[in-house]
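The block underneath contains the structure these notes are about, expressed in structure tokens.
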Amino acid sequence: MSPTKGSTISVTAMMSALRDVMAKEMSGPKRLNTVLTLLCEQLKMPSAVLYVMRPGDILENFLAIGRPVQLPTFVRLGEEIVGRVALDRKAVISSKGVNKTILVVPMVRGNQVLAVLGLLSRRKESFSTEIVEAVQNVAMILAECLAELTSSKTTKNLVSLSVSRTLEGTGMIQGFALGEVLLHRRLEINGPILTIHPDREIKRLNTSFSKVKRLIQRRLTHPSTPAEEKELFETYLMFLSDVEWKNKVESAIKTGLTAQAALQKVGDETLEKMRAVADPYLRERARDFQDLTARLMQALIPKSGKKKLIGNKILVADNLGAAELLDYDLKHIKGIVLEDGSQTTHVVIVARAYRIPLIGAVKEAVRQLEEGAPVAMDAVQGKIYLRPSDETLDTLKSYQQALRSMARLQAKNKDKPAQTKDGVDVSLMLNMGLSGAVDHLPPCDGIGLYRTELLFMTAKSLPDIRTQTEAYKRVLVQAKNKPVIFRTLDIGSDKVLPYFEQQGEENPAMGWRSIRMTLDRRALLRNQLRALLRATAGSTLRVMFPMITTVEEFIESKKTLEIELKNAILRKQKTPKEIIVGTMLEVPALIFQLDNLLPLVDFISIGTNDLAQFMFAADRTNTQINNRYDSLCPAFLRALNLIVEQCDAYHVKCSVCGEMASRPLEALTLLALGIRTLSMSPESVVAVKTAIRSLNLDKYRDYLMSQLNSKQSSLRNALSSYLRDHHVHLGEIS
């Protein structure tokens with residue numbers, strides 16, 4: 001195949017020549033120049049240029065080979081074809097006029113764009129897929145040469161070594177920490193990039209896949225593995241079972257790359273595609289995919305155990321996989337700082353289980369915090385202090401002491417009833433997903449939301465009735481006779497099943513999802529309801545339908561349950577002694593249908609996450625706007641108050657299972673609106689209970705009602721000030 005008309009290029013010969021160059025002893029600059037020159041000669045290209053990434057999102061014209069071409073010295077990230085390729089990390093072929101074609105390829109190493117390679121020609125070019133792929137392979141070699149060159153002339157951090165600075169982000173796991181900066185460095189290609197033995201490299205790749213799979217299965221079945229880690233490893237197995245992805249890596253090896261080089265190349269390409277999709281769930285899974293790729297790389301390039309550390313460290317990374325975190329000796333990791341801003345990523349879940357303070361959404365944290373520098377972090381306010389002053393240290397130490405006192409107070413309330421100072425009892429329940437996560441329930445009144453979709457999301461194929469039945473039975477056993485409310489399959493939007501074809505919707509959060517999907521694909525719903533009836537035979541089935549928008553949808557859902565119940569009776573199967581049926585209230589339209597809905601339901605559970613998202617027309621996964629509107633806005637609280645009043649009028653139990661219930665201030669406000677059942681994340685129970693036990697609910701309700709017609713965009717400051725003045729424990733440090 002040929003890149004230009006009338007010329008014949010042998011990719012095999014080019015890769016062989018490159019192997020010879022890489023095997024020779026030479027300096028970094030000479031190797032870089034030699035590889036680039038060889039590329040031009042082999043492809044019969046008259047000109048090549050290398051733009052290197054510089055601080056401040058600038059690309060500099062660093063090296064040009066061949067016939068002189070007038071090009072700008074500096075290009076901004078995202079501008080011109082060079083800047084766009086650096087931003088998008090995708091190769092681009094562009095025709096400039098009648099007689100010029102440009103192939104521009106990003107040079108990526110360790111998930112960072114180091115440079116951009118451009119090949120230019122005065123003639124009309126036709127780059128074949130084979131040639132483009134070969135140039136991408138050479139770009140990996142050039143990236144290694146460039147890394148070798150820059151490592152010998154280490155660029156000093158732009159921040160003066162004596163200057164104190166404050167960086168800001170979002171506190172995701174509260175706490176305070178002092179230590180030295182530890183920059184997270186991913187495992188990079190170690191050893192040769194090119195091979196003449198592709199069969200041997202494919203065998204190495206298969207061995208690494210088998211090794212990682214065995215390790216994951218061992219961790220999954222080990223009784224001491226925390227539930228948070230089990231959820232992560234289930235996701236890994238899903239990726240390892242993707243035959244198409246593994247085949248791409250093998251194809252890259254056959255082009256002449258070693259196993260580790262092929263894994264990094266295909267891994268980077270797949271990662272960029274996953275990050276580019278609109279679906280929030282797939283964007284989250286991109287981090288897990290990156291984490292798994294690192295573990296496969298580690299199996300190819302073995303390293304010894306956990307990273308050995310001395311002293312207290314603050315781990316700093318652009319983003320971090322949960323398994324990458326677990327590779328560290330966590331007794332030395334006192335805090336984590338991430339450029340990534342997602343609160344639902346697995347690393348946040350795992351860090352919370354180990355009680356490590358974490359601050360996310362810190363811009364350019366890796367560049368601004370140099371290795372070994374003293375740093376203090378306040379994950380309550382979301383601030384990082386580089387080389388903190390004595391005054392700052394004293395303040396943070398006093399805050400840290402206050403936090404410890406609060407933890408002791410919460411520990412005292414752990415096993416006490418959730419009852420306000422004026423004698424109002426509150427039911428605290430849990431939001432759960434995977435059965436392994438309920439091995440050790442904190443003191444609670446049951447599971448108020450069991451997310452059945454997580455069983456489907458971690459399976460390789462659609463779970464059959466028997467698999468579902470056994471899973472639901474395990475939950476009931478582990479709940480130890482406490483109530484469990486099973487939410488039927490809530491997929492779509494940010495929850496994607498790997499074995500379902502994606503719809504490609506522009507706005508999946510408001511599209512074909514949840515009950516809309518299962519009513520259209522009725523067999524899905526019927527099989528799940530059949531499994532729930534079997535699992536709860538002889539006991540009580542509590543089932544809740546999600547995303548109900550019209551009364552008709554609820555009637556159809558309930559009718560489907562009744563059909564399955566009749567069929568079970570006809571088959572003379574044992575059935576539940578009691579069935580309690582409710583609905584999530586997440587769509588604002590349902591508020592105005594309550595008069596027709598409430599006579600049909602046994603309970604209502606308000607999903608405040610989606611309800612707020614739809615009421616404010618603000619995507620809760622969009623970091624630009626997800627903090628712009630507050631759930632303590634008077635308008636939103638009035639809507640909740642209307643729902644509670646309607647439920648009270650029909651004597652229908654009303655609960656909340658959204659994120660509002662997990663935060664003490666919001667939880668107390670929900671109680672003041674008349675809600676008496678809150679369902680929350682397990683780690684929130686003790687903090688919310690402590691707040692409840694310090695509250696005079698009757699007085700707080702009077703104050704809240706006096707504020708509901710306020711013109712303020714949020715009552716947060718007013719409500720928290722009132723509660724602090726009345727010595728209510730909100731779990732805050734002031």
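The values are calculated or read from the model by the stated rules, or taken from the named source; none is laboratory data. Quantities reported herein were computed from a predicted structural model and do not represent experimental measurements. Positions of Cβ are generated from backbone atoms using ideal geometry, with glycine treated the same way; all protein chains shown enter the neighbour counts.
Scoring Leu489 on the criteria (1) surrounded by fewer than 20 Cβ atoms within 10 Å (Cβ to Cβ); (2) outside any helix (DSSP H, G or I); (3) at pLDDT 90 or above; (4) not β-branched (Val, Ile, Thr) leaves a single failure, condition (1).
On inspection, Arg516 qualifies as among the basic types (Lys, Arg), in a helix (DSSP H, G or I), more than 22 Å from Leu220 (Cα to Cα) and at pLDDT 90 or above. Taking the listed residues Pro68, Pro29, the one that is over 18 Å from Ile193 (Cα atoms), at pLDDT below 85 and not in a loop (DSSP other than H, G, I, E, B) is Pro29, with no other qualifying. Of the candidates Tyr650, Tyr722, the single residue that is over 20 Å from Ala411 (Cα atoms) and free of Cβ contacts under 8 Å to residues at least 40 places away in the same chain is Tyr722. When Asp698 is tested against (1) farther than 21 Å from Ile604 by Cβ; (2) crowded, with 21+ Cβ neighbours inside 10 Å; (3) at pLDDT 95 or above, only condition (2) is not met.
Listed here are the residues, each with its yes/no results for (1) surrounded by fewer than 19 Cβ atoms within 10 Å (Cβ to Cβ); (2) outside any loop (DSSP other than H, G, I, E, B); (3) touching a helix residue (DSSP H, G or I) at 6+ places or on another chain (Cβ under 8 Å); (4) among the acidic types (Asp, Glu).
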position	(1), (2), (3), (4)
Ala351	no, yes, yes, no
Ile359	no, yes, no, no
Arg367	yes, yes, no, no
Leu396	no, yes, no, no
Arg408	yes, yes, no, no
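Quick one: is Thr669 under 13 Å from Leu637 (Cβ atoms), of a type in the set (Val, Ile, Thr) and touching a residue at least 40 places away in the same chain (Cβ under 8 Å)? Considered against the rule, which asks whether it is under 13 Å from Leu637 (Cβ atoms), of a type in the set (Val, Ile, Thr) and touching a residue at least 40 places away in the same chain (Cβ under 8 Å), Thr669 comes out as yes. I want to confirm something. Restricting to the range 516-572 and keeping residues that are β-branched (Val, Ile, Thr) and surrounded by fewer than 21 Cβ atoms within 10 Å (Cβ to Cβ), which single residue is farthest from the chain's Cα centre (by Cα)? Filtering the range 516-572 for residues that are β-branched (Val, Ile, Thr) and surrounded by fewer than 21 Cβ atoms within 10 Å (Cβ to Cβ), the one farthest from the chain's Cα centre (by Cα) comes out as Ile569. For the range 90-137, what are the residues that are at pLDDT 80 or above, out of contact with any Pro (no Cβ under 8 Å at 6 or more places or on another chain), small (Gly, Ala, Ser) and surrounded by fewer than 20 Cβ atoms within 10 Å (Cβ to Cβ)? Within the range 90-137, Ser94 is the sole residue that qualifies. Taking the range 232-273 as the range and being part of a helix (DSSP H, G or I) and of a type in the set (Asp, Glu) as the test, the residues that pass are Glu234, Glu244, Glu250, Asp268, Glu269, Glu272. Across the range 453-473, what is the total count of residues that are in contact with a helix residue (DSSP H, G or I) (Cβ under 7 Å, 6 or more places away or on another chain), closer than 24 Å to Thr575 by Cα and buried (at least 18 other Cβ atoms within 10 Å of the Cβ)? Residues meeting the conditions: 6.
Of all residues assigned to the range 34-43, none qualifies as being in contact with a Lys or Arg (Cβ under 9 Å, 6 or more places away or on another chain), farther than 26 Å from Glu272 by Cβ and surrounded by fewer than 15 Cβ atoms within 10 Å (Cβ to Cβ). Within 39 Å of the chain's Cα centre (by Cα) and buried (at least 18 other Cβ atoms within 10 Å of the Cβ), is that true of Leu87? It is false that Leu87 is within 39 Å of the chain's Cα centre (by Cα) and buried (at least 18 other Cβ atoms within 10 Å of the Cβ).
Among the residues of the range 630-645, are any modelled with pLDDT of 95 or more and in contact with a strand residue (DSSP E or B) (Cβ under 6 Å, 6 or more places away or on another chain)? Checked against the condition, which is being modelled with pLDDT of 95 or more and in contact with a strand residue (DSSP E or B) (Cβ under 6 Å, 6 or more places away or on another chain), the range 630-645 yields at least one hit.
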